[in-house]
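Novice: Here it is, the structure, as structure tokens.
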Amino acid sequence: MERVESSTGGQDLHLILSAVNIAWAQKNVEQVKENLRRYILEVDDPMTFLLDLLDHYSSTKGKANSLAALIAGEFQKWIRDHPECRQSGLRLRKLQSRVFPLITEGNLLDILISMYDLEEADRSFLLGNVTHLHQMGKYKEAAVLSIKLNLQPDLDLEQMCAPLLFLDRFNLLESYVSGYPELQCRLLQMLDRWSDSNFNPRKFSKEFRGLPPVKPDKLNLKTLSKLAFRLLETYNLDPALCTNMINQRHLGTLKYLMYKRFVEKTMTQENWADHVQNTVDGNGWLQEQCIALLCRHSDLKTAGVWALKFGMAKETLPRSVADILQDLSIQERLSEGEKNPEDSQSRRNYFYQLPIPRSKVHFLQNHTELSGCRDTILKDGQIVGVDMEWRPSFGGLGKPNVSLIQLAVREEVFLLDVLQGNLLRSSDSGGSSELVTFIKDLFSSSKIKKLGYGMVGDFQSLDATDARFRGLELHNVFDLCEVHKQIQRSRSRPRVSSGRVDVLEDTSKDNGIRQPEKGLSLLVKDVLGKPLDKKEQLSNWDKRPLREDQIIYAAADAYCLLDVFETLFHAPEKFGLKPNFCELSKGKTSPKKEAARSPHPKESTPNNKRMKTPPPKVTPPKASPHTKPLSPREFSVICDNMLQGLGRYLRCLGVDVLMLENDDDHRKAAEIARRDGRVILTCGLPYQTLRSQIGEGRCFSVNCSERAKEQAIRVLKHFNVSVALSDVFSRCQACNCNKYLHISQDRMRELMKLRDYLEETRGTQDPAHANKPEWLSHSGNLQWMEEMGISPETLLLPSSAQLQLDTVPAGLLDKVPLFFCCSQCGKVFWEGSHYGRVVSQFKEVLQDNGECIYQSANKAL
């Protein structure tokens, strides 16, 4: 106590702690602050006194952590106003050495780093402490501390990052390399090495102390690839840093192309050959894989033709392919690219055909041609079908750039060549482009109706193509995708008309032409009777000149929107639509703000004599927040496998959370969300795919650069979820169950004794006849177990799970008055430091109703 007395100026530390604890227990925060301010004035060395107080709370769990943060915050404010009290030199270095045992507490970290000038401390001293934390198995704490003190360049990247990967701390991993391009490249190379089939994660994890057992499929290629490609996109790194993963992704593209061409048969020979050639692109390993796939999906002759195209040596080929090479003549190689006989008159009869002459389809590449298009399109009352094409990326990085914009009006179609750059070239010193100005004028006009299908993706690709397209004002835009959903819902049930049941025509027979209908093609088939021919959909739209088939396909894709809309407008009841299905909202909106706007009264802007009411606007990507507050019990989500940290935080706050496993496909999230009515929480590229598969507002894109805590706060605020103290830990962190058994201290002691007794008699043939201890001889001791559903003979719960009593330290039985046992998985919980940390971390979204932890727990559970 000599050191304590010198720092407190003679005050008794225990009396100070007692006064503070009493005020805190009474929830009198202002009294706590007043006591602290009074004691600070009486001490000789406030900075040492603060560490004396925190030393006491470092061994105290639960809500004391938030009290320690409050104490540190008050000292920080006082010392900021009294800089003369700050220490320096040798005295400061001694204090810094005392800080490190306390600094691992998250809510004290920033305060203590600032107060004790740790960022300016000797670097070797800081590195030694971080290394010590890492060697003790505190990998997360070591990483966070190194980030706060900017120590990453001087630490071993693999040693620091590997445990974070095994612990699924992907967000922390990204933060660790943020701001350090060299570390980002090295991390990407490390992930690429780990993706090799010879890498054994289980063996490597044994080098690190305290890690949980690693499953054989932990950090498989799929999981590592997701993280690597996210890093590539986030930090704009060179893909050559992860050649193994790039090759695997290209291999996946080859498999997809083989399926489209030889199994599904929905891709033309020209498109398929073009994509195969671009995918392989001189890569010897990929060429070998391509030949192997051709042997499986096609025939030896086709494999041999491609082997000649690649110029592969015979010794690198399968023997069966090498033997056939000498039989392949030049004529056979040339004839391989001839058109398939399927492209015949029967095909034209089966699919929707462009109803205007080819001379009415205009391919525009310069400003002079654009001027005539502008005069035709921007007429008041005009109806315009809009579509866009881009080169398919087959899972590549980033958003694709638009190559072609199609604008269709009655009797005419304009194809705007965006790729060449002539139309995008600035026409004046201000940097504007005639094409950009034209597109903005088109979509902002309330007197022109724009028809599209799934236009959100088009707008996002347009933004990625040129920054000048960003911020489009959308007005009088009609997305037929939403109407298609209404038609499909109505077609799922029979319609009664004039006393008879109308049976919808079955047009599934394909006359031998195999093409699974979906999207716009299915809508055209449902409304006009014939689907679109999608064989050119996966064309290389960046290649010039465009083939004639591509031009016809692009024109038909836009023109069919006009025919579909007109048919629906004249007979909406035939397709299960209301007569006013195409009502439109007033006002100007941008793509980002559209979702948050409420509908306005309809606007009557007739286009021609037959169309009296305009169509509704496109629904933009962002979901609007709920206006009515939700409780966590009313909010259920499913988290992507890259957001398990976020899921654990939300579950801490009482939210019903399911989490995908590392090897689960994203489509599983959509299936569960549709089945259970859950919101999908995801990040990165899967967002757009998942968003299109479920209802509006039920998919939320999480910022990958934020920590899990900030992500959780953002999700709760976005969906207006109000969390009470009673919601904290109202769900089992292991299995998501929200039903607990409340077991008192005395009864837990009985359970522990019974467990020991059962373990002792486990080896006997009949434990029931063994000598029972005296405390168990009274039936009353077992009655409460039976009432709770606990089997006295096996300690099994009604769910058939075993009570996990091994996780309860014997020393806790005298300290904890109440235990909570999950009724589903049997895991045992009690009040500890984690509760205080969660309450402190999420105080900005917590609604404090004055409940103590046990009142909250009893009310919640």
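Novice: Between Leu325 and Ala734, what is the label-to-label distance in nm when each label sits 7 Å out along the Cα-to-Cβ direction?
Specialist: About 6.1 nm, to one decimal.
Novice: Continuing with the same structure: Around Ile356, what is the net charge, scoring Lys/Arg as +1 and Asp/Glu as -1 over all other residues with Cβ under 14 Å from its Cβ?
Specialist: Cβ neighbours under 14 Å give a net charge of -1.
Novice: Over all distinct Cα pairs, what is the inverse of the mean 1/r for the range 246-291, reported as the Kirkwood hydrodynamic radius in Å?
Specialist: Kirkwood radius, the range 246-291: 10.6 Å.
Novice: Further question: Considering amide H positions built from the backbone, and no H for Pro or chain starts, which residues 5 or more places from Ala121, or on another chain, come under 5 Å of its amide H?
Specialist: Amide H neighbours of Ala121, under 5 Å, 5+ apart: none.
Novice: With a ≥ b ≥ c the root eigenvalues of the C-alpha gyration tensor of the range 262-322, is it rounded (a/c under 1.5), prolate (a/b larger than b/c) or oblate? Present the calculation step by step, with values, prior to reporting the outcome.
Specialist: Details: a/c = 2.11, a/b = 1.36, b/c = 1.56.
Note, shape of the range 262-322 comes out oblate.
Novice: Kindly write out, for the range 826-836 in residue order, the coupling ³J(HN,Hα) from the Karplus curve 6.51 cos²θ - 1.76 cosθ + 1.60 (θ = phi - 60°), rounded to whole Hz, with x marking Gly and Pro.
Specialist: So the J values, rounded to whole Hz, are x, 5, 10, 10, 7, 5, x, 5, 4, 4, x.
Novice: Here is a further query. Roughly how many Å is it from the Cα centre of the range 184-232 to that of the range 681-721, as a whole number?
Specialist: Using only Cα atoms to place each centre, the spacing works out to 25 Å.
Novice: Take the residue pairs Lys360/Lys530; Lys717/Lys843; Lys543/Lys668 and return only those whose Cα atoms are more than 24 Å apart.
Specialist: Cα-Cα > 24 Å for Lys543/Lys668; rest within.
Novice: Run through every distinct alpha carbon pair of the range 203-281 and return the Kirkwood hydrodynamic radius in angstroms, one decimal place.
Specialist: The Cα-based Kirkwood calculation yields 15.4 Å.
Novice: Counting other C-beta atoms within 10 Å, and keeping those with at most 16, which DSSP coil trypsin sites (Lys or Arg not before Pro) do you find in the range 256-333?
Specialist: Lys265
Novice: Here's a follow-up. Round to a whole number: what % of the accessible area of the range 119-175 belongs to carbon and sulfur, probe 1.4 Å?
Specialist: 43
Novice: Could you tell me which of rounded, prolate or oblate describes the range 69-173, using a ≥ b ≥ c as the square roots of the eigenvalues of the alpha-carbon gyration tensor, with rounded for a/c under 1.5 and, failing that, prolate when a/b is larger than b/c and oblate otherwise?
Specialist: The shape class here is prolate.
Novice: Mind listing the long-range amide H neighbours of Val723? Cut-off is under 5 Å, sequence gap 5 or more, other chains count too, H placed in the peptide plane at 1.01 Å from N.
Specialist: Gln847
Novice: Using each residue's phi in the range 537-545, evaluate 6.51 cos²θ - 1.76 cosθ + 1.60 at θ = phi - 60° and report the 3J(HN,Hα) Karplus result to the nearest Hz, with x for Gly and Pro.
Specialist: Working through the residues one at a time gives 4, 9, 5, 7, 6, 8, 7, 10, x Hz.
Novice: If you roll a 1.4 Å probe over the heavy atoms of the protein chains, what accessible area per residue do you get for the range 650-754, in Å²?
Specialist: 39
Novice: Mind listing the phi-derived Karplus ³J(HN,Hα) values for the range 203-213, rounded to whole Hz, using 6.51, -1.76 and 1.60 with θ = phi - 60°, and x for any glycine or proline?
Specialist: 5, 5, 5, 5, 6, 10, 7, x, 6, x, x
Novice: First check a/c for the range 91-141, with a ≥ b ≥ c the square roots of the eigenvalues of its C-alpha gyration tensor; if it is under 1.5, answer rounded, and if not, answer prolate when a/b is larger than b/c or oblate otherwise.
Specialist: oblate
Novice: Right, another one. Between Arg544 and Glu661, how high is the FRET efficiency from 1/(1 + (r/R0)^6) when r is the Cβ-Cβ distance and R₀ = 41 Å? Nearest 0.05. Intermediate results must be reported in sequence, preceding the final value.
Specialist: Numbers: r = 45 Å, r/R0 = 1.10.
Efficiency for this residue pair is about 0.35.
The values are calculated or read from the model by the stated rules, or taken from the named source; none is laboratory data. Predicted model only: the values in this text are computed from it and were never measured. Note that we place each Cβ from the backbone using ideal geometry, even for glycine, and neighbour counts take in every protein chain shown. The accessibility values were calculated without ligands, DNA or RNA, using every heavy atom of the protein model including side chains. Shrake-Rupley method; radii C 1.70, N 1.55, O 1.52, S 1.80 Å.
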